[in-house]
Amino acid sequence: MGSDSGTDDSLVDAQPGNAAGARRTLVERLQADGVLTDPRLREALSRLDRGVLLPRAYVRRSEPGTDPVVWELLDGTHPNDRAEWQELVYSGESVLVQRDGEPPESQVRGAVSGGRMTAMSTFIPYTVEVLQRMRIAAGHGYLDLGTGPGVSLALAAALTGPRRAVGVERDEHMAAFAQNNLERLGAGATMVAGDALDGHAPRAPYDRIHSGIGVPCLPSAWMDQLAPGGRLLTTLTTRTPSWPGRCLVTRTATGRIEAVLEGGPRGHRPLYGYTWLTAQHHLHRIADRPGRPRTTTFTPPADEAYGFWLSAAYLVPGVFRHFQADTLAVVAPEDDSWAVAGPGDGTVHVHGPRDVWAELENIHNLWTRAGSPDRFYVDIPADGGQQHVTSGTGPDALQWVLPPLAAMPGQPA
């Protein structure tokens, strides 16, 4: 992995804006927050020169809601950009690296307007959480899907050892860019251009598979390429970004597939072309006219009741949550309906033909009767049929069916 060999770290850290000091600060913060506990991963993070993988980064310069968005591309080698670029790269936040599928080698430093970001690194605390949960050992065959600039792949390769980790990236420009940077680091990882939904059969089976993209259901190719004793981790996405589900799949030594779905505070973005719901165009209307008031005895659980909110993502479909400090606003944008609950004042404001609040209340009752589950079990038929989710056995268990890949927005029928 990349390092500042030949340089005294005690001197390096005393110099403002130095990468070695920034790496150390990031690692120490992750440890202090209780996020980073694996000593092998700590060593990999301490040595990883993220600047090689993320030599340029986009930052947003326009206010939220501005259309078109104004971006600025920072170049880490430019003296006017370096301080801000380095602070961003080692902040732990997601770093935006590609706009509208542009070839990275053609990027030009400076301001641009419009477009959408098509590649980025992952929020580093989540990367750490995922890699630790994967339990990667030396010698494991590792497959990373939707690799982007290659940060998580480089860290995984440090854990597996050389020539054991491969990444799949749909954008051939980004795949080539990441491969070149990984070689500069001496990471011993391989990048290939291809569709992440197909996995990478030539190097299968894999002891560990990680998907950096959210999918509506588990692709059969991934199951086929998972070795006995293997673990697969992915985000199961719905149309709302508000309540991500994290699915851990294991294949037993006898070949049986088992999958557990849990909610959480974050997940990976969905597959390319997928369209999330948004309430952006409703927010000013909600603020001006929140709706007709009525009393309610229903107090939704805290944000940390991930099992409830994950259930709501599937059983109250087409709903988006707008996170605010003092109120809970839940919007069904395609039905022009919403509900806004105040801070525990026993009142809810509702608007539109769809009673979103009543739907949430009903699901809460069902979730409570089911025992307030925080984990769910996914049945994956061997014939590739519909994947069913259940909270357990018995008549009160919560149940739903995962939508097929072709049923999601932006995917071919």
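The values are calculated or read from the model by the stated rules, or taken from the named source; none is laboratory data. From a predicted model like this one, the values you see are computed outputs, not experimental measurements. Cβ: placed from backbone, ideal geometry, glycine included. Neighbour counts: every protein chain shown. For accessibility, only protein heavy atoms count, side chains too; no ligands or nucleic acids. Shrake-Rupley method; radii C 1.70, N 1.55, O 1.52, S 1.80 Å.
Brief remarks on what is shown
- Count of residues meeting criterion [within 15 Å of Arg40 (Cβ to Cβ) and basic (Lys, Arg)] in region 112-170: 3
- Per the listing Thr297, Thr275, the residue uniquely over 24 Å from Leu236 (Cα atoms), among the hydroxyl-bearing types (Ser, Thr, Tyr) and out of contact with any strand residue (DSSP E or B) (no Cβ under 9 Å at 6 or more places or on another chain) is Thr297.
- Taking region 17-64 as the range and being in contact with a helix residue (DSSP H, G or I) (Cβ under 8 Å, 6 or more places away or on another chain) and loosely packed, with under 13 Cβ neighbours inside 10 Å as the test, the residues that pass are Gly17, Asp33, Thr37.
- Residues in region 208-237 that are out of contact with any Leu (no Cβ under 9 Å at 6 or more places or on another chain), free of Cβ contacts under 8 Å to residues at least 40 places away in the same chain and in a strand (DSSP E or B): Pro228, Gly229, Gly230, Thr235.
- Hey, Arg184 touching a helix residue (DSSP H, G or I) at 6+ places or on another chain (Cβ under 7 Å), open to solvent by 10 Å² or more (accessible area, probe 1.4 Å), assigned to a helix (DSSP H, G or I) and not β-branched (Val, Ile, Thr) or not: yes
- Restricting attention to region 268-295, the residues being open to solvent by less than 30 Å² (accessible area, probe 1.4 Å) and either of a type in the set (Val, Ile, Thr) or free of Cβ contacts under 8 Å to residues at least 12 places away in the same chain (or both) number 1.
- When Ala279, Ala332 are screened for being over 30 Å from Val249 (Cα atoms) and out of contact with any Lys or Arg (no Cβ under 7 Å at 6 or more places or on another chain), only Ala279 passes.
- Residue within region 318-331 that is open to solvent by less than 10 Å² (accessible area, probe 1.4 Å), in contact with a Ser or Thr (Cβ under 7 Å, 6 or more places away or on another chain) and closer than 21 Å to Pro403 by Cα present: yes
- Of the strands (runs of 3 or more DSSP E) that lie entirely inside region 79-147, those containing 2 or more residues that are within 27 Å of Gly273 (Cβ to Cβ), open to solvent by less than 20 Å² (accessible area, probe 1.4 Å) and not β-branched (Val, Ile, Thr) span 142-145.
- Residue, nearest to Ala287 (Cα to Cα), within region 339-396, restricted to residues that are open to solvent by less than 70 Å² (accessible area, probe 1.4 Å), assigned to a loop (DSSP other than H, G, I, E, B) and aliphatic (A, V, I, L, M): Ala370
- Test: Thr240 is in a loop (DSSP other than H, G, I, E, B) and either open to solvent by less than 10 Å² (accessible area, probe 1.4 Å) or under 19 Å from Leu310 (Cα atoms) (or both): yes
- Qualifying residue in region 167-178 (condition: buried (at least 24 other Cβ atoms within 10 Å of the Cβ), among the basic types (Lys, Arg) and either in contact with a Lys or Arg (Cβ under 6 Å, 6 or more places away or on another chain) or not in a helix (DSSP H, G or I) (or both)): no
- Any hit, region 313-336, residues being modelled with pLDDT of 90 or more and on the phi > 0 side of the Ramachandran plot: yes
- Apart from one condition, Ser311 fits all of (1) surrounded by 20 or more Cβ atoms within 10 Å (Cβ to Cβ); (2) farther than 21 Å from Ala370 by Cβ; the exception is (2).
- Residue, surrounded by the fewest Cβ atoms within 10 Å (Cβ to Cβ), within region 197-231, restricted to residues that are within 19 Å of Glu129 (Cα to Cα) and in contact with a His (Cβ under 8 Å, 6 or more places away or on another chain): Ile213
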